[in-house]
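The values are calculated or read from the model by the stated rules, or taken from the named source; none is laboratory data. Because the structure is a prediction, the values reported are computed rather than measured. Every residue, glycine among them, receives a Cβ derived from its backbone with ideal geometry; neighbour counts consider all protein chains shown. With ligands, DNA and RNA removed, areas are computed over all heavy atoms of the protein, side chains included. Shrake-Rupley method; radii C 1.70, N 1.55, O 1.52, S 1.80 Å.
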Amino acid sequence: MDGRRRGTRMFPVVAGCLVVWVCACYQQTATAASAAAAAQSSNDELIQKGREAVGQVCLGCHRNIVPMLQAEGRSGRSADRWRTTMYSMISRGAHIMPDEIDALVAHLANSYGPSGASAPAGAANLSGPAAALPDAAGKSILEQSCAMCHDLGTAINKTAAEEWETVVDRMVTYGASVPPADKEELIRYLDELTQAP
Amino acid sequence: MATRKVDKRKGDKRSLPSQPGGAGAVSRRNFVAATAAAGIGLGTLSSAAFAQDGPADSGQPVSTGGTPLPESQLVETYEGPAAGAVLAQLRAAGVRTIFHTNTSGFVPFWDAVHAAGDVQVINVTHEGHAVAAAQGYTMAGAGKNLGFFFGSDAGIPNSLSNMYCAWKDRVPLLVTYGGGSLRGQGADGFEAWDDQLGPTKPFTMWTGYLLTQQMSDVVRRAINFAYGPPSGPVTLLWGEAQASQQVRAPIYQIDLAHARRRFCAEPALIQQAARWLVEAQNPVFVVGPEITEDGAEAEIRALAEKLSVPVTETKDVMYASFPNDHPLFLGQLAALRRPRKADLLVSFGESLRRNNPLHPVPTVHISHDPDILGRAYASDLVVASDVRLAIRDLSDAVDGLLTRDRMARIRSTRLAEISAYSTQLKQSREMVLRSRFDESPVSWERLGYELEQALDKDAVIVPELGSQYWKVLAQLTFGGDNKLKFGRTVGSALGWGVGAAFGVSLALPSRQVVSLQGDGGFMFGQAEALWSISRYQAPMLIVILNNHSYNDSRVRNMSNGGLGGGLLHAERKDYNGHLGNPDVDFPKIAEAYSLRGEKVRAAAELGPALQRSIRSMREGKAVVLDVDIASDGQPMSDPTWYQHYSIADIGRQQRGGA
């Protein structure tokens, strides 16, 4: 068999290997991308869990939690330092469950760590629709009193205007920190948000 | 106080008895009846003992036709120097230990002490530590001890800091001072000022003067005021009395265990509280110092277990009122998670002075102290009662409202949920302990762990630490048959703990007593308390948690500076915190008082050092253990910076370098 016939017979094999190799690379890339996406999604879920946990476990002893976290954020605390802080709080009596520690660290490092050092209060909650909240009297109260536990972008869409006072009162019984002097302003702001076209 | 002779012809019951030494002897029956008619109670004597019918001086027991009334319980009529009447009245109240700081004006009283032969004088070298020791002695006495102090009027200022602590803690004390006579009023005389007890008034239940002819009456009255409720220190001056003058004085038997007046709640209030408790889906209890003061530990545990109600405490907890290893115990009330499920809070003897973290959850406040009820927080239902009696009444009321089956269902459902929750909290704490186990300087958690391993199960802890102290206490088992705790004083004035621990050791000589001090708190003049610890061979352990800093203040300054954007915060400096340079050698201070001292620098050294300490304690010699502890808290400042200033350098400069 001469060289040209041998080469002609080998071409499909080489082409096939090439295709397989490309597919494998693509699959590896897709798998890696998929894994990265899954990891990112998992990390987002962890951060979300941590954000909710801050509202659940910190507010009882730290009424000034938002400005405290902002002050911490200015120094850009690393994840390790946040873990040390969480351990300290557990030892001092905070009701943090074992499976919440990583989530809390993830959220705090993300929002108040070296990269999130300049994040405003509850920044993780003000993305998307929440970022478009109008600047008006009451917005800062909403951010300070509600963003600890709620994703503001979706929470404000759930309630009719006339129900906000009932909702706010209920949140206070759950432990939300809404100073009495701020309550009316907050309700007015929420009413206007809900009624806005 | 004006008195008249008893007119025996008219059976006059309105007059006080004739002056001692006056005409005719005073019969017991006459005296009892006359004082009762004048409204003077006689401690444990029942009202039936006061004969309201029949001639006051008949000498015959009054009979109702049935069981004869009890005889008067007047112990004796004392005759002798006036100062001796004070001691006689104290001894009739069961007082056999009295605290003293250097004086020179009490010779008749010393004579009485010497003559009695059964009174132990405890000398303490500073009035403040003496008052703290008297307080610790009273707190640890389970209602049977009363701290009595006598010292100089010039020492009044020294005693004030710890008198404030005792007042804040509602602990009954008798604090007396020599001098203070009205004869020198306005003269600015030696060691004198007008209204000498004036500075003590904000921190006392009563201030008074011992009077020659009323020494025992004044002491009895002082005890009455001290126990109340409300309870607290009473201060007296000796200066008006002629201590060596011969007197006749009535001596009243006083049962200190029942000196605090006990009363029950209005039944309707108990019924209301019981209904709310039964109807609540998620009730929570908070326990305060009155649980221990009223001896209600067993009762609160039984009530909590009856309905599986979670039990919490506040930062002002002074005693181990509820076992902290119980599955129903959830720690700090303020730490309860949100969203709050609690729909009822019942406070048993907790003042709620730091407000109610569960507001606006409906709140029932039960206390034996009328001064506390409704003061800091407007509770929905206020119940004035001895706490032990209230718990019993409440428990009975609950039994009347629930069937056994329903009670059992409520109990088992809640217990499963709360146990699972408290178990997870314990796992979290365990995780933290392990993560820092081998750190050096020693972690607070490791110190607590090693103390729990080394000490007797029923040791006694007297803490005077800052905000990190929960880290140590969470590793120790308190309550029930386990460890006792006295402190930290709610007054929070540093300079209390070592003296108080010494007083506790006096009251509980067979138990291991451990004083937990920060290095900063110990340096609030507490080394002097070691003299009494050495003199009286109190087999104590004083652990100094040494982070070379007033760390709590440093952290708060930095946090507040961070919030306000302060200049010092930006430069990471604070003027207050660093206590090193000099680095105080606490073991040497211990040795200066003939005690044992030891330094611990690393975690691995701690266990063996504690074992050596305990051996020394068993041999009767107290130990000061100086432990390098982690500097926990906000690391926002340079922990070793301080504002340098050298008087010697300045002096040299002024002398031109010589």
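Would you mind checking the tilt of helix B:107-116 against the longest principal axis of the Cα atoms of chain B, expressed as 0 to 90 degrees and rounded to 10? With both axes taken from Cα atoms, the answer is about 90 degrees. Between the amide H of B:ALA93 and those of B:ILE254, distances stay under 5 Å, these residues lying 5 or more places away or on another chain, with hydrogens modeled in the peptide plane.
When the convex hull of its Cα atoms is viewed from all sides, the stretch B:504-658 shows a mean projected area of 12.6 nm². Measuring with a 1.4 angstrom probe and ignoring ligands and nucleic acids, A:CYS58 comes out at about 20 Å² accessible.
Using the scaling law 2.2 N^0.38 Å as the reference, what is the normalised Cα Rg of the stretch B:470-566?
1.27
Rolling a 1.4 Å probe over the protein heavy atoms of the stretch A:72-112, with every protein chain left in place, gives an accessible area that is 47 percent carbon and sulfur.
Beyond 41 Å, the tail of the calculated P(r) for chain B holds 37 percent of the Cα pairs. Just the protein heavy atoms count here, and of the accessible area of the stretch A:5-69 at 1.4 Å, carbon and sulfur take up 67 percent. Note that chain B presents 42 Å² accessible area per residue, ligands and nucleic acids not counted, probe 1.4 Å. Each principal axis of the Cα cloud of the stretch B:297-407 was taken in turn, and the coordinate range along them, longest first, works out to 38, 31, 27 Å. Interface size between chain B and chain A, please: total buried accessible area, 1.4 Å probe, rounded to the nearest 100 Å². For B against A, buried area totals roughly 2900 Å².
In the protein assembly as shown, taking the dipole from charged Cβ atoms about the Cα centre, the farthest positive-side position among B:ILE366, B:TYR209, B:HIS548 is held by B:HIS548.
Over the C-alpha atoms of the stretch B:382-459, the Rg to Rh ratio, Rh being the Kirkwood estimate, stands at 1.22.
Residues of the stretch B:323-338 whose accessible area, computed with a 1.4 Å probe over protein heavy atoms, drops by at least 30 Å² once all protein chains are present relative to their chain alone are B:ALA334, B:ALA335, B:ARG337, B:ARG338. Residues B:TYR209, B:TYR575 ordered from highest to lowest accessible area at a 1.4 Å probe: B:TYR575, B:TYR209.
The Cα center of the stretch B:572-612 and the Cα center of the stretch B:289-306 differ in position by 39 Å.
Taking N as the number of residues in the stretch B:268-316, what is its alpha-carbon radius of gyration divided by 2.2 N^0.38 Å?
Dividing the Cα radius of gyration by 2.2 N^0.38 Å gives 1.19.
Per residue, the convex hull spanned by the alpha carbons of the stretch B:108-198 comes to 111 Å³. Cα axis of helix B:444-454 to longest principal axis of chain B: angle in degrees, 0 to 90, nearest 10? Around 60 degrees separate the two axes. Charging the Cβ of each Asp and Glu at -1 and of each Lys and Arg at +1, and nothing else, the dipole of the protein assembly as shown about its Cα centre rounds to 940 debye.
A cut-off of 5 Å between modelled amide H atoms, ignoring neighbours fewer than 5 places along the same chain, links B:SER347 with B:VAL286, B:VAL364, B:HIS365, B:ILE366. Cα extents for the stretch B:102-153 along the principal axes, largest to smallest and rounded to whole angstrom: 31, 24, 14.
For the stretch B:489-501, putting each phi into the Karplus relation 6.51 cos²θ - 1.76 cosθ + 1.60 with θ = phi - 60° gives couplings of 3, 5, x, 6, 7, 5, x, 9, x, 5, x, 4, 5 Hz, in residue order, rounded to whole numbers and with x for Gly and Pro. Taking each of A:LYS49/B:LYS426; B:LYS168/B:LYS306; B:LYS471/B:LYS599 in turn, the alpha-carbon distance tops 23 angstrom for B:LYS168/B:LYS306.
When the stretch A:25-88 is described by a simple charge dipole with +1 on each Lys and Arg Cβ and -1 on each Asp and Glu Cβ, the residue from A:THR29, A:ALA39, A:GLY55 located farthest towards its positive end is A:GLY55.
Please find the FRET efficiency linking A:GLU45 to A:ASP80, where r is the Cβ-Cβ separation and R0 is fixed at 22 Å, and quote it to the nearest 0.05. About 0.50, to the nearest 0.05.
Would you work out the charge dipole size for the stretch B:118-260 about its Cα centre, treating the Cβ of every Lys and Arg as +1 and the Cβ of every Asp and Glu as -1, and quote it to the nearest 20 debye?
That gives the stretch B:118-260 a dipole magnitude of about 480 debye.
Comparing each chain alone with all protein chains together (probe 1.4 Å, DNA, RNA and ligands left out), the residues of the stretch A:84-107 losing at least 30 Å² of accessible area are A:TYR87, A:SER88, A:ILE90, A:SER91, A:ARG92, A:HIS95, A:MET97, A:PRO98.
In sequence order, the stretch B:310-323 has phi-based couplings of x, 10, 10, 9, 10, 5, 8, 5, 10, 10, 8, 7, 9, x Hz under the Karplus curve 6.51 cos²θ - 1.76 cosθ + 1.60, θ = phi - 60°, and Gly or Pro positions carry x.
So for the stretch B:149-307, Kirkwood radius off the Cα pairs, Stokes-Einstein at 37 °C and 0.692 mPa s: how many µm² s⁻¹? Answer from the Stokes-Einstein relation: 176 µm²/s.
Residues whose amide H falls under 5 Å from that of B:TYR209, counting only those 5 or more places apart or on a different chain, are B:LEU237, with hydrogens built in the peptide plane.
A straight Cα-to-Cα reach below 15 Å connects B:LYS485 with the aspartates and glutamates B:ASP169, B:GLU290, B:GLU293, B:GLU297, B:GLU313, B:ASP316, B:ASP325, B:GLU452, B:ASP456, B:ASP458, B:GLU464, residues fewer than 8 places away in its own chain not being considered.
The share of C-alpha pairs in the stretch B:583-632 whose separation exceeds 18 Å stands at 31 percent.
Alpha-carbon geometry of the stretch B:215-254: the Rg and the Dmax are 11.8, 35 Å, given in that order. Two numbers describe the Cα atoms of the protein assembly as shown: Rg and Dmax, which are 34.0, 157 Å. Relative to the longest principal axis of the Cα atoms of chain B, the long axis of helix B:551-564 makes an angle of roughly 70 degrees.
Dipole orientation for the stretch B:109-200: of the candidates B:GLY155, B:ALA134, B:PRO199, B:ALA134 has the Cα lying most toward the positive pole (charges on Cβ; Lys, Arg +1; Asp, Glu -1). The magnitude of the dipole of chain B, with charges of +1 and -1 set on the Cβ of Lys/Arg and Asp/Glu and taken from the Cα centre, is near 800 debye.
In chain B, helical runs assigned H by DSSP with n ≥ 4 each contribute -39500 (n - 2.57); averaged across all residues and rounded to the nearest 500, the mean residue ellipticity at 222 nm is -10500 deg cm²/dmol.
Taking the 1.4 Å solvent-accessible surface of chain B as the whole, the part contributed by carbon and sulfur is 51%.
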